[in-house]
1. Using Cα pairs under 8 angstrom and six or more residues apart, how large is the relative contact order of the chain, in percent?
2. Give, in nm to one decimal, the length gained when the segment between ASN79 and VAL21 is fully stretched (0.36 nm per residue of separation minus the Cα-Cα distance).
3. Within straight cross-link reach of LYS9, meaning Cα distance under 16 Å, which aspartates and glutamates are found once same-chain residues fewer than 8 apart are removed?
4. List every residue whose amide H lies under 5 Å from the amide H of LEU75, counting only residues 5 or more places away in sequence or on a different chain, with H placed 1.01 Å from N in the peptide plane.
5. Pick the calculated mean projected area of the Cα convex hull in nm² for this structure from (i) 6.7; (ii) 7.6; (iii) 6.4?
6. Work out the length of the dipole vector of the chain about its Cα centre, built from +1 on the beta-carbon of each Lys and Arg and -1 on the beta-carbon of each Asp and Glu, and round it to the nearest 20 debye.
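Bear in mind that the values in this text are calculations on the coordinates, not laboratory data. Only a predicted model underlies this, so the values are computations on that prediction, with no experimental measurement involved. Here Cβ is always computed from backbone atoms with ideal geometry, including for glycine, and neighbour counts include all displayed protein chains.
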Amino acid sequence: MGLDQEKLKLLEEVFSSRGRVRILAVLCEYGELNLSEVARKTGLNSTSTVNHLRVLTEKGLVAERRLGRVRMYRLDLGNPRAKLITGFLRRWFHIDL
């Protein structure tokens, strides 16, 4: 029984980036935020935030919805891996939501 290479690649892509880890942690703590709120709370610039959110959205870990011209982002708890990451982050940071 070997490691599933696709799952391993996803894990590496998500956790090898400080920016993506910060975004996941912030969304875990605050729930749904717009782009500027995510950037401010993570300390990332807007361009980096957009790029990281695009990757996390493509991987199915973050969901995006529009309110007029504003994009709102949250963890996609319909995705089992996003649920696992949320559980891990809550335990790691002792976040009570």
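1. Working: 98 pairs, mean separation 24.9, N = 97.
The value is 26 percent.
2. Values: separation 58, 0.36 × 58 = 20.88 nm, distance 1.70 nm.
Stretched out fully, the ASN79 to VAL21 stretch lengthens by 19.2 nm.
3. GLU58
4. ALA63
5. (i)
6. Charge dipole of the chain: 220 debye, to the nearest 20.
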